[in-house]
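Just below is one structure, and these are the notes that go with it.
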Amino acid sequence: MSPDVKAFFDEATNTVTYVVRDRAGARCAVIDSVLDFDYASGRTDTRSADAVIAHVRAEGLEVEWLLETHVHADHLSAAPYLQREIGGRIGIGERIRVVQDVFGKIFNAGTEFQRDGSQFDRLFGDRDRFAVGGLEGEVLHTPGHTPACLTYVIGDAAFVGDTLFQPDFGTARCDFPGGSAAALWDSMQRILALTETTRIFTCHDYKAPGRDRFAWESTVAEQRARNVHVAGRTREEFVALREARDARLSMPRLIVPSLQVNMRAGQMPPAEDNGTVYLKVPLNRL
């Protein structure tokens, strides 16, 4: 089973959204959508999501799933907007509850913010199965970047979120609350144990030094042989490298708005008594 995969790259956040289609029919899934956001003005825009919608409608597709690999810290999810326009059920990992508890406290979200994952239509556990038309999908719990990270394996394609990047760029950071370089290593071994021809689709690309084009597709074989953080290293060596790199990284530009929105399945916080929606900036907490 080999799905058709259409990628939409948002250069403002270096994020890749995927439309994954059953070649034998018209059913599809959308993975890791983007809601455009200008931090300086506080304005949102739907141009990235609208490109996905235009493709779905032009191809006559039926959206079954709007899947999130994790609670993103670098872009806002457009899942609720897509759901209103083209349908689909919003899914994420069941350990979203852990993430909601942590960031619900950091942002002082109050008792109205439910920390049970009920904002999502489906909470996936490890090895859960789902379908995209005639394609069978399987969920792998692959924590490390965050506690709730998932990899969606659909036919011969694995959508790994922020676990792996292109082989010449390496792996994702592990210094967010609940992150773990050791857990990321173990998660990567699960992904790299897939069939070597399995296609790996990453959520981001930042163009490694010396590469002049953005890229987001590789294979398990390429990752095993050439990933600059993994190939030829032991678990202990990787953990030391990852933790040293993370200690030098600044926070993502959109982490504050992204977490508040994405922990709510892409919904904005409730409007205040003047009818305006506000996002909080917690001082000295991140």
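The values are calculated or read from the model by the stated rules, or taken from the named source; none is laboratory data. Just so it is clear, the model here is predicted, and its values are computed rather than measured. Neighbour counts run over all protein chains shown; Cβ positions are idealised from the backbone, glycine included.
Observations on the model:
To keep it simple, each residue is scored yes or no on (1) over 19 Å from residue 143 (Cα atoms); (2) of a type outside the set (A, V, I, L, M); (3) out of contact with any helix residue (DSSP H, G or I) (no Cβ under 6 Å at 6 or more places or on another chain).
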position	(1), (2), (3)
172	no, no, yes
195	yes, yes, yes
213	yes, yes, yes
234	no, yes, yes
254	yes, no, yes
261	yes, no, yes
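- Restricting attention to the stretch 105-149, the residues that are crowded, with 19+ Cβ neighbours inside 10 Å and β-branched (Val, Ile, Thr) add up to 4.
- Residue match in the stretch 18-28 (condition: of a type outside the set (Gly, Ala, Ser), farther than 24 Å from residue 205 by Cβ and in a strand (DSSP E or B)): yes
- Candidate set from the stretch 159-177 (those that are without any contact (Cβ under 8 Å) to a residue 60 or more places away in the chain and of a type in the set (A, V, I, L, M, F, W, C)); member that is surrounded by the fewest Cβ atoms within 10 Å (Cβ to Cβ): 169
- Wholly enclosed strands (runs of 3 or more DSSP E) of the stretch 143-247 bearing at least 3 residues more than 25 Å from residue 34 (Cα to Cα): none
- Selection status of residue 219, of a type outside the set (A, V, I, L, M, F, W, C), out of contact with any Leu (no Cβ under 9 Å at 6 or more places or on another chain), surrounded by 16 or more Cβ atoms within 10 Å (Cβ to Cβ) and under 22 Å from residue 151 (Cα atoms): yes
- Test: residue in the stretch 60-71 that is in a loop (DSSP other than H, G, I, E, B) and free of Cβ contacts under 8 Å to residues at least 60 places away in the same chain: yes
- Any chance residue 69 is over 26 Å from residue 195 (Cα atoms), among the polar types (S, T, N, Q) and at pLDDT 95 or above: no
- Selected residue (criterion: farthest from the chain's Cα centre (by Cα)) from residues of the stretch 116-141 that are among the small types (Gly, Ala, Ser) and assigned to a loop (DSSP other than H, G, I, E, B): 134
- Looking only at the stretch 224-254, and only at residues there that are basic (Lys, Arg) and without any contact (Cβ under 8 Å) to a residue 60 or more places away in the chain, the one that is nearest to residue 43 (Cα to Cα): 248
- Matching residues, the stretch 34-55, being over 27 Å from residue 142 (Cβ atoms), part of a helix (DSSP H, G or I) and not basic (Lys, Arg): 50, 51, 53, 54, 55
- Of all residues in the stretch 22-45, those that are modelled with pLDDT of 95 or more, surrounded by fewer than 22 Cβ atoms within 10 Å (Cβ to Cβ) and within 28 Å of residue 130 (Cα to Cα) total 2.
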